[in-house]
1. Carbon and sulfur: what percent of the chain's accessible surface (1.4 Å probe)?
2. What does the charge count near Val83 come to, summing +1 for each Lys or Arg and -1 for each Asp or Glu among other residues with Cβ under 15 Å from its Cβ?
3. With θ set to phi - 60° and the Karplus curve 6.51 cos²θ - 1.76 cosθ + 1.60, what are the ³J(HN,Hα) couplings of the stretch 156-164 in order, to the nearest whole Hz, using x for Gly and Pro?
4. Given R₀ = 51 Å, what would the calculated FRET efficiency be for Glu147 paired with Ser85, taking r from the Cβ atoms and rounding to 0.05?
5. Classify the stretch 47-176 as rounded, prolate or oblate, taking a ≥ b ≥ c as the square roots of the eigenvalues of its Cα gyration tensor: rounded when a/c is under 1.5, otherwise prolate if a/b is larger than b/c and oblate if not.
6. Lys and Arg at +1, Asp and Glu at -1: add these up for the other residues within a Cβ distance under 11 Å of Val160 and post the number.
7. Classify the stretch 105-181 from the C-alpha gyration tensor, please: rounded if a/c falls under 1.5, else prolate or oblate depending on whether a/b exceeds b/c.
8. Under 1.5 on a/c is rounded, so check that first for the stretch 1-76, then, if it is not, pick prolate when a/b is larger than b/c and oblate when it is not; a ≥ b ≥ c are the square roots of the alpha carbon gyration tensor eigenvalues.
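The values are calculated or read from the model by the stated rules, or taken from the named source; none is laboratory data. Please read these numbers as outputs of a predicted model, since none were measured by experiment. Cβ placement follows ideal geometry from the backbone for every residue including glycine, while neighbour counts extend to all protein chains displayed. The protein model used for the area step is the full one, side chains on, heavy atoms only, and it has no ligands, DNA or RNA in it. Shrake-Rupley method; radii C 1.70, N 1.55, O 1.52, S 1.80 Å.
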Amino acid sequence: ALGELRTTASRDALLRSLAVRNLKARRGVVAALGAFHGDEEVFAALLPLAARDRSWFVEAEANRSIGKLRLPASLDVIKRNIVRSSFREVVRIGCIDGLVELRDQAGFELLAACATYGAPAAARPPAVGALAGLGQRFPERKRPLGEDIAAFLRDPDFRVRIAAANALRTLKAAEQAPALDAMAARELDGRGVRVAREAAAELRKGANTEEEVRALRDEFEKLRDENARLRDRLGRLEVRGQ
């Protein structure tokens, strides 16, 4: 709730709450701080948590929130932490999510490295999905990115193949429908057959409103941030008036 308010007072309350001992509670505080886009003070508070904490999940959330802040230094922080090993690669996955939130084209190279065969297995499916998530922000890269993701439809890891099929659906890469047909024809697991067929069918529907939806989401986010700033200013004026 404090994160949704996005006022100076709610931000300061969250910053004070970083001292909470309960790890799940601290993880929630860290996640809420990601709502304060462009806030340098929040960035400074999250920076040490992104590098080291008693909880890997807090570290993962800190990297995710640092991506959401979308500051110039966010990319370097995530780049340093994405190579660290952790329980079930939760820190790496947090960094992967942070790259999608950061909306920087430099993230494609890092995500591709995490998705490559031979990289830590637990993070590969999220990385494949993240390539499509970030690709939605850059329509000019859609076609080559679709080709790169389609290559994962033949990956030795079943989870990666499933992630690739879903990623092509997310990317709306209609030209890759035949590649999904081929996946469905060679899959031995019924789940893979179903996912590939469903993704191919959806891509063939033709109507693609993804760009319009993305534009509306961006506009809504801008309006929400502006509304938070106005509420903050109004609160300060009321305090002065008293």
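1. For the chain, the apolar C and S fraction of the accessible surface comes to 55 percent.
2. +2
3. Using θ = phi - 60°, the values come out as x, 8, 4, 5, 5, 4, 4, 4, 5 Hz.
4. Calculated value: 0.95.
5. oblate
6. Computed value for this residue: +2.
7. oblate
8. Because a/c hits 1.5 or more and a/b fails to exceed b/c, the stretch 1-76 counts as oblate.
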